[in-house]
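In what follows, a single structure is set out as structure tokens and then discussed.
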């Protein structure tokens, strides 16, 4: 897995990351290439098909890069341990100071991968599973709406077809021949 690190994404500061999106250190260009390949393979037409392919790209990406969630869990656990050790080692160190010490030490130990701490619970296997549960429920609801739409369209097409069969046709004047 090729990992490149850049500055902290603004979404990190606001908890905007979710496990099925790109996480810090992941290669955006490789993800975009995967998405382009899927678009070329399936040739989606319309907003709904494009959305399905985007979902496939995100889920395929996460499956291929599952290791980053395990790394994030390790970095987060190390950060928590440093905070605890700092509090225990210095009874006068408050929560804020312990967090600062932990941030500085994990940044030294892990470099840019330290950004995964800020992602929080989203960058864990449990976070991924919770997110996938929500996605599954949303997909189920969306699918139910599409079934209703297709059923309604089918009923309308049947009623319009039957009304056109029962409507008498008015014949125009006939030419004598």
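Apart from one condition, residue 102 fits all of (1) under 18 Å from the mean Cα position of the chain (by Cα); (2) free of Cβ contacts under 8 Å to residues at least 24 places away in the same chain; the exception is (1). No other residue among 72, 67 is under 26 Å from residue 128 (Cα atoms), in contact (Cβ under 8 Å) with a residue 40 or more places away in the chain, buried (at least 16 other Cβ atoms within 10 Å of the Cβ) and under 20 Å from the mean Cα position of the chain (by Cα) apart from 72.
Set side by side, the residues 111, 120, 127, 154 differ, and just one is in contact (Cβ under 8 Å) with a residue 24 or more places away in the chain and out of contact with any helix residue (DSSP H, G or I) (no Cβ under 9 Å at 6 or more places or on another chain), which is 111.
If you check 57, 40 for being at pLDDT 90 or above and loosely packed, with under 14 Cβ neighbours inside 10 Å, only one passes: 40.
The values are calculated or read from the model by the stated rules, or taken from the named source; none is laboratory data. Only a predicted model underlies this, so the values are computations on that prediction, with no experimental measurement involved. Cβ coordinates were reconstructed from backbone atoms using ideal geometry, including for glycine residues, and neighbour counts include every protein chain displayed.
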